[in-house]
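Scroll down for the structure; my scribbles are underneath it.
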Amino acid sequence: MSNKIQLSLEQQFSIRSFETQVNQMSQDQAKEFLVRLYEQMIVQEKMYKEFIKNQWGFETPFGTA
């Protein structure tokens, strides 16, 4: 991954801590974790899109009228 954005020391530490935790997982735990992480990323993306639509007045939030 290209690091075009400079991360703070706290963020770098968080990444190293996360790496340590992942290295201690079994393969099955890591697979389950990746699926849950991907699900959270998809939800986060949808929330961002809905927030932007709402803020810019394109649609009502989350399909409510």
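FYI, it's all coordinate maths here, none of it is from the lab. This structure is a prediction, so every number in the text was calculated from the model and none was measured. So basically every Cβ, Gly included, is an ideal-geometry build from the backbone, and we count neighbours across all protein chains shown.
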Exercise. To one decimal place, what orientation-averaged projected area in nm² is obtained for the convex hull of the Cα set of region 1-42?
Worked result: 3.7 nm²
Exercise. Leaving out same-chain residues fewer than 8 places away, which aspartates and glutamates sit with a Cα under 18 Å from that of K53?
Worked result: E45
Exercise. Using θ = phi - 60° and the Karplus form 6.51 cos²θ - 1.76 cosθ + 1.60, what ³J(HN,Hα) does each residue of region 34-48 get, whole Hz, x for Gly and Pro?
Worked result: 4, 4, 5, 5, 4, 4, 5, 5, 5, 4, 4, 4, 5, 5, 4
Exercise. At Q12 and F33, where each label point lies 7 Å from the Cα along Cα→Cβ, what is the point-to-point distance in nanometres?
Worked result: 2.2 nm
Exercise. Leaving out same-chain residues fewer than 8 places away, which lysines sit with a Cα under 27 Å from that of K4?
Worked result: K46, K49
